[in-house]
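Below: the structure, in structure tokens.
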Amino acid sequence: MRSKGIFLLLVLSALTAYYVYSPIPDEIEERWKLMITDCFFRSLSHLADFSELLGLKDYMGVMMFITIAEGVVPVSDERVRVTEEVFDGVDVVVYEPGQQGGDGELRRAVVYLHGGGWCLGSSRMGPYDLLARQLVSELNAVVISVEYRLAPEHHFPVPFEDVYRVVKHFLQRQVLAQYSVDPGRIAVSGDSAGGNLAAAVTQQLQQDPEQHVALKAQALLYPVLQALDLNTPSYQQNQDMPILPKTLMVRFWSEYFTSDKSLFHAMMSNSHNSLESAGLLKFVNWSVFLPESFRSPYNYSAPAAESLDPSRTIAAIIDPRASPLLVPDSMLRALPKAYVLTC
């Protein structure tokens, strides 16, 4: 009996190690910490799949546990004053320097848009609360962290529209004066899906004839900018990457547009384009735009575009508010300077 117990323990240990272990590049620091975190994400993802299969709760509803677990109540401290406001019907968290500046001193401002694949995340998560405080302290800036509505409960264009309304409201001169913000030093920033929203908002503001206060800069942190070709080198290279494998990123894209699972399956096979989007594929032809060092060893294959909108959502997918890369160079050149961080 004792030998059987030892054998079962060894088998269980081997299976656990096999499940936890993921091949991580050597240059990554704290590889085991990343493996354990990835193990948690994969386990939660499997649970979400199982829950959705049984009809208990949809996939993203289960994955929201991550957002809830990281939730905090933003409060003021000796360096940062925090208030929760509503800008044109959208919740925001406003972070301001704790000490008032001198008479007439105007500060910078950053409108920050959290990531999470348009389906997860919150301005009230610990990491975003910490980031906002650091921006306030290091830049002496006012930070507006936006609590936009999420898919799948609110599909595109609702998250974009929420963010756009917030930025438009904040850029009013009387609102800027209320927060002692310099109208010439305002930036928009975001990570991942938030970077997508930041880029889209910047473009739309540029085209708004009624907008008189312009953004100074956009800081896009590993933004997702197009949904026409989901087989680029980055998608291929990171297909099985911990935390955010290709399947999850594609799922975020599909859930942003619709809860119809046919779009997810079409996107996974890169067969979601139609004749309507064929003319825009030139904007995402990475065999032309990427340097050789990034293209190799991947081979370009143009996405098929032979059917008549197989997913019935192509109009949304090619909308620049969802895929801000799909615009002519002339429009991009007219935009505020952009800082783009990739990883």
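The values are calculated or read from the model by the stated rules, or taken from the named source; none is laboratory data. The shown structure was predicted, so the numbers you read here are calculated from the model rather than taken from an experiment. Methodologically, a virtual Cβ is constructed for each residue, glycine included, from the backbone with ideal geometry; neighbour enumeration extends over all protein chains shown. In case anyone asks, the SASA skips ligands and DNA or RNA and just uses the protein heavy atoms, side chains included. Shrake-Rupley method; radii C 1.70, N 1.55, O 1.52, S 1.80 Å.
For the stretch 155-172, a residue qualifies if it is among the acidic types (Asp, Glu) and in contact (Cβ under 8 Å) with a residue 60 or more places away in the chain, and exactly one does: 162. When restricted to residues that are part of a helix (DSSP H, G or I) and either surrounded by 16 or more Cβ atoms within 10 Å (Cβ to Cβ) or in contact with a Cys (Cβ under 7 Å, 6 or more places away or on another chain) (or both), the stretch 162-174 contains 9.
All of 152, 223 fail the test of being over 19 Å from residue 87 (Cα atoms), touching a residue at least 12 places away in the same chain (Cβ under 8 Å) and touching a Cys at 6+ places or on another chain (Cβ under 8 Å), apart from 152.
Within the stretch 199-219, which residues are surrounded by 16 or more Cβ atoms within 10 Å (Cβ to Cβ) and in contact with a helix residue (DSSP H, G or I) (Cβ under 8 Å, 6 or more places away or on another chain)? Within the stretch 199-219, 200, 201, 203, 204, 205, 213, 215, 218, 219 qualify.
Cβ separations smaller than 8 Å between residues 6+ apart or across chains give the following pairs from the stretch 206-218 residues that are more than 24 Å from residue 191 (Cα to Cα) to residues that are part of a loop (DSSP other than H, G, I, E, B): 211/171. A residue that is within 17 Å of the chain's Cα centre (by Cα), assigned to a helix (DSSP H, G or I) and either basic (Lys, Arg) or under 30 Å from residue 42 (Cβ atoms) (or both) cannot be found anywhere in the stretch 273-282. Against the list (1) modelled with pLDDT under 95; (2) outside any loop (DSSP other than H, G, I, E, B), the condition residue 252 fails is (1). Selection of first residues in the stretch 257-272 that are part of a loop (DSSP other than H, G, I, E, B) and of second residues that are small (Gly, Ala, Ser), restricted to Cβ pairs under 7 Å at least 6 apart or on distinct chains, gives the following pairs, ordered by first then second residue: 271/304; 272/266; 272/311. Residues that are part of a loop (DSSP other than H, G, I, E, B) and either of a type in the set (D, E, K, R) or without any contact (Cβ under 8 Å) to a residue 24 or more places away in the chain (or both) within the stretch 68-99 comprise 70, 75, 76, 77, 78, 79, 88, 98, 99, listed in sequence order.
Screening residue 289 with (1) of a type outside the set (S, T, N, Q); (2) modelled with pLDDT of 90 or more; (3) open to solvent by 30 Å² or more (accessible area, probe 1.4 Å); (4) within 25 Å of residue 155 (Cβ to Cβ) gives one miss only, at (4). Every condition in (1) surrounded by 15 or more Cβ atoms within 10 Å (Cβ to Cβ); (2) over 20 Å from residue 40 (Cα atoms) holds for residue 262 except the one numbered (1). Going residue by residue through the stretch 52-65, is there one that turns out to be under 22 Å from the mean Cα position of the chain (by Cα), at pLDDT below 95 and hydroxyl-bearing (Ser, Thr, Tyr)? No: zero hits.
Please go through the stretch 325-342 and pick out each residue that is touching a residue at least 40 places away in the same chain (Cβ under 8 Å) and outside any loop (DSSP other than H, G, I, E, B). Don't jump to the end; show me each part of the working.
Step one: list which residues in the stretch 325-342 are touching a residue at least 40 places away in the same chain (Cβ under 8 Å), which gives 325-327, 331, 334-342.
Hits for the stretch 325-342 are 331, 337, 338, 339, 340, 341.
For the stretch 228-249, check the following and say yes or no: at least one residue is among the charged types (D, E, K, R), surrounded by fewer than 14 Cβ atoms within 10 Å (Cβ to Cβ), more than 23 Å from residue 43 (Cα to Cα) and at pLDDT 90 or above. Among the residues of the stretch 228-249, not one is among the charged types (D, E, K, R), surrounded by fewer than 14 Cβ atoms within 10 Å (Cβ to Cβ), more than 23 Å from residue 43 (Cα to Cα) and at pLDDT 90 or above, which makes the answer no.
Scanning the stretch 175-188 for residues that are open to solvent by less than 10 Å² (accessible area, probe 1.4 Å) and assigned to a strand (DSSP E or B) gives 181, 186, 188.
Checking each residue of the stretch 141-157 against the condition of being open to solvent by 20 Å² or more (accessible area, probe 1.4 Å) and at pLDDT below 95 gives no match. From the set of residues in the stretch 100-140 that are of a type in the set (Ser, Thr, Tyr) and either part of a strand (DSSP E or B) or surrounded by fewer than 19 Cβ atoms within 10 Å (Cβ to Cβ) (or both), which is farthest from the chain's Cα centre (by Cα)? Checked the stretch 100-140; the qualifying residue farthest from the chain's Cα centre (by Cα) is 137.
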